[in-house]
1. If you average the alpha carbon positions of segment 77-154 and of segment 1-48, how far apart do those two centres end up, in angstrom?
2. Check each of the chymotrypsin sites (Phe, Trp or Tyr not before Pro) in segment 212-258 and keep only those in coil by DSSP with at most 11 other C-beta atoms within 10 angstrom; list them in order.
3. When the accessible area of the chain is split by element with a 1.4 Å probe, what percent falls to carbon and sulfur?
4. Put a dot 7 Å past each Cα toward the Cβ at residue 205 and residue 51; how far apart are the dots in nm?
5. With every protein chain left in place, what is the accessible area of residue 250 in Å² (1.4 Å probe, nearest 10)?
6. Taking segment 31-109, which GluC sites (Glu not before Pro) meet the DSSP loop condition and have no more than 13 other C-beta atoms within 10 Å?
7. Mind grabbing the accessible area of residue 69 for me, 1.4 Å probe, Å², rounded to tens?
8. Can you tell me the accessible area per residue over the chain, all protein chains present, probe 1.4 angstrom, in square angstrom?
Amino acid sequence: MTATGRLAGRIALVTGAGSGIGLGIGRRFAAEGATVLFTDIDGDKARIAAAEAGSHAATLDVTSEASWTEAAALVERTLGGLHILVNNAGICVPGSVEDTDFSAWRRSHAINLDGVFLGCHSLLPLMAKTTEATDLGGAILNISSVSAMVASANFASYNSSKAAVRHLTKSIALHCAKQRYAVRCNSIHPTFIDTPLIDTLAKGADHQAMIEKLARQVPIGRVGDTDDVAWAAVYLCSDEAKFVTGAELLIDGGLAAK
Ligand code: NAD
């Protein structure tokens, strides 16, 4: 599909953009005319991604408030503001409530949930200021999971952290609306997407074999690719979705419809 400038004039920050879904979103946003700051805890991966897309990069650990404060100063100083924030960085630590130890529980929530809170808390003031000054709408997009709606015995910390992101998204959306900020906030809920994260589920099994096994659980008969998520992100962060806030979009090949 060809790019049509749907995000022209926007400045966007994507977390966890060195790999998988974040990388796919960053690439699509850049192709649609946005200035993108690719960020990742692995700064080298972010720099490679940004160089390929002709955009910008920074090291950002979403669990660190100081890291977010630095990122906010960087985007204001070097890019002139921020319209779009995609809270994408996340991990999946499999385990039931009995075999998840407390440190794994806390790590899941630190990245998957605290990271989203810190991103919104740190950057919303700048986003409100930028959208007002440029008269261009802004958006926060939180990458949750179908796991927020459909629980599994073996994903206690993932289910919990992703469900919390789903509800936090609605609270942020209502806050922005109440303040009359031109910033919307929505969540995306993918099922299995073919990224390196899948290998954390595979317990050493071959990646392709795991993809084929997971595909059998999806009504459409395949797992997703990163563009399946990235096109939805373009829509939700563009003016095409200007009346959409507090919404949750399943991208799951029909999984949750069962
Ligand atoms: P991925 O492992 O390919 O990429 C995750 C990226 O996040 C990596 O580049 C990693 O370096 C970065 N990261 C990890 N900890 C970080 C931290 N503390 N600060 C900043 N960056 C950090 O995974 P993915 O599949 O692209 O997952 C992206 C998001 O999509 C996650 O939130 C995940 O839960 C969600 N998701 C993935 C799937 C799937 O099947 N792949 C399904 C549903 C939801």
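The values are calculated or read from the model by the stated rules, or taken from the named source; none is laboratory data. Since the structure is predicted, the reported quantities are computational estimates derived from the model, not experimental observations. Ideal geometry is used to build each Cβ from the backbone, glycine not excepted, and the neighbour counts take in all protein chains shown. Accessible surface areas use protein heavy atoms only, side chains included; no ligands, DNA or RNA. Shrake-Rupley method; radii C 1.70, N 1.55, O 1.52, S 1.80 Å.
1. One Cα centre to the other: 16 Å.
2. 243
3. Details: 6460 of 11720 Å².
That share works out to 55 percent.
4. 3.7 nm
5. 70 Å²
6. Numbers: sites: 32, 52, 65, 70, 76, 98; in loops: 32, 98.
Passing both the DSSP loop test and the Cβ count: 98.
7. For residue 69, solvent-accessible area is about 90 Å².
8. Dividing the accessible area of the chain by its residue count gives 45 Å².
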